[in-house]
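The values are calculated or read from the model by the stated rules, or taken from the named source; none is laboratory data. Remember, predicted model here, so these are calculated numbers, not experimental data. Using ideal geometry, Cβ is built from the backbone for each residue, glycine included, and neighbour counts are taken over all protein chains shown. For the accessible areas, the whole protein counts, side chains as well, though only heavy atoms, and no ligand, DNA or RNA atoms are used. Shrake-Rupley method; radii C 1.70, N 1.55, O 1.52, S 1.80 Å.
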Amino acid sequence: MRVQSIREVFKAGRGPSSSHTMGPEAACKLFLRENPKADGFRVILYGSLAKTGAGHGTERIVRETLQTAPVAVELVPEPDFPLPHPNTMDLHAYERGAETGFLRVMSVGGGEIRVQGRPELDKPEVYPERSFAEIAQLCREKNMRLSDYVLAREGSGIEEFLQKTWQTMLRAVDEGLSHRGVLPGGLNVERKAQYLMNQRHIDESPETRENRMVCAYAFAVSEQNADGGVIVTAPTCGACAVVPSVLKYSAEKRGLGQDRILRALAVAGLMGNLVKTNASISGAECGCQAEIGTACSMAAAGLAEMLEMGIDQIEYAAEVAMEHHLGLTCDPVRGLVQIPCIERNAVAAMRAINAVRIANFLTSTRKISFDMVVETMYETGKDLSGRYRETSEGGLAKLYK
């Protein structure tokens, strides 16, 4: 697998799910371009797409995208053949009753798709180094920061991309803070970001205020995602609030300018890219540790870069953030990206800040590398029961009434 641009980690789009809405939408758009004369479509959703597609909006987005002709959607939660990925869909095109087109597509997380039997779609390799260890060695040899490495590898236009990405993240925070009411889907989950923002504790310490503000920002973005608003995958829709809440609060607290923020965002994207390349960012494949655990690592590394910490400290912060999400299940109640997803973003944001503080003191004592914890996460995810990998068949999703 090629190590692609961090542009593939940060994708602006509408929630609530990068793998269940953004990915299938991209697949349907591709299929529509290749079959413009079709007068009918049949789409089969397998595995996790079938089990949680209603709550995630998969069937809705398929019908909306392929609206040029009648669409038949079939749900096959347990197919009688091994799936190439838990998020697999088949697309059939017809003209006058005869099949004229077919694609089997895997939605692999973060809005990215792969088509079975085809090479990766027009996405060149950007990073020849495939591990954090290789990157760190190169940075030490050239006496460069991780952010310098990302900017050099990505080339022209990356600063503008990061600036646009950051502005989209900030809009999601602002829009989330401006809304009140109940989120759609039937769980009657009320928006809480505005309450957290405005409800100052009667005896509020600096630590309490930090927790409240970080959580307010995280709830704002997560609630926008749950409501189908525009957010940035970081690395997914379900984990989209961790990076912006940590970086926004930390920059405001210290009065840091945009250059430091964008460099932090670049390093956050690098860490997400490494997980995506060497493991998975798909909740359907590896549980929520792959989504929120990766987001926490991204935020911790980004914050450490923002504070101009050393490369070993950045790695340790990211490693701690991932390590303490190992085994985290993905069990969205009713397939909605609300319970426990919204709170989970806020908790992970605070954990990212704490991971940086630990790294500030204890980096010289560390025993585990970031590469090792990423490999561990992937193996752990593969060992998780399917009930706990975005199927809404276990955990809170099973017991919630």
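Per residue, the average separation of C-alpha pairs within less than 8 Å and at least 6 apart gives the chain a relative contact order of 19 percent. Sparse packing (at most 16 other Cβ atoms within 10 Å of the Cβ) combined with a DSSP loop state is found for the following trypsin sites (Lys or Arg not before Pro) in region 197-276: Arg200. Among the listed pairs Lys29/Lys276; Lys276/Lys398; Lys192/Lys253; Lys123/Lys164, those with a Cα-Cα distance over 25 Å are Lys276/Lys398.
Ligands, DNA and RNA excluded, the heavy atoms of His201 present near 100 Å² of accessible surface to a 1.4 Å solvent probe.
For the chain, give the magnitude of the charge dipole about the Cα centre (Cβ charges: +1 Lys/Arg, -1 Asp/Glu; no others), in debye to the nearest 20.
560
Here the dipole of region 207-261 is about 200 debye; that uses its Cα centre as origin and unit charges on the Cβ of Lys and Arg (positive) and Asp and Glu (negative). Projecting the Cα positions of Ile339, Gln289, Ile314 onto the charge dipole of region 288-362 (unit charges on Cβ atoms of Lys, Arg, Asp and Glu, taken about the Cα centre) puts Ile339 furthest along the positive direction.
Rounded, prolate or oblate: which one fits region 1-159, using the alpha carbon gyration tensor with axes a ≥ b ≥ c (rounded when a/c is under 1.5, else prolate when a/b beats b/c, else oblate)?
Here region 1-159 falls in the prolate category.
If I take all pairs of Cα atoms in the chain, what percentage of them are more than 34 Å from each other?
Details: 21112 of 80200 pairs.
When every Cα pair of the chain is considered, 26 percent fall beyond 34 Å.
Computed from the C-beta positions of Leu362 and Arg130, the FRET efficiency with R₀ = 22 Å rounds to 0.20. Seen from Arg96, the other residues with C-beta closer than 14 Å to its C-beta sum to a net charge of -2, counting Lys and Arg as +1 and Asp and Glu as -1.
With the simple spin-label model, which puts each label point 7 Å out from Cα in the Cβ direction, the Asp174 to Ala72 separation comes to 4.8 nm.
Considering only alpha-carbon pairs that sit under 8 angstrom and 6 or more positions apart, the relative contact order computed for region 265-401 is 35 percent. Take the Cβ atoms of Arg33 and Gln163, set R0 to 35 Å, and the FRET efficiency comes out at 0.70.
Considering the dipole of region 209-259 built from charges on the beta carbon (Lys and Arg +1, Asp and Glu -1) around the Cα centre, which of Cys240, Val221, Gln258 is farthest to its positive end? Projecting each Cα onto the dipole axis, the largest value belongs to Gln258. Each of Pro206, Phe132, Met271 was placed along the dipole of the chain (beta-carbon charges, centred on the mean Cα), and the one lying farthest toward the positive end is Pro206. Extension gain, Arg200-Glu375: 0.36 nm per intervening residue step, less the Cα-Cα distance, totals 58.8 nm.
Label-to-label distance, Arg63 versus Leu326, with points set 7 angstrom from Cα along the beta-carbon direction: 4.4 nm. Taking other residues whose beta carbon is less than 15 angstrom from the beta carbon of Gln163, and scoring Lys, Arg as +1 and Asp, Glu as -1, yields +2.
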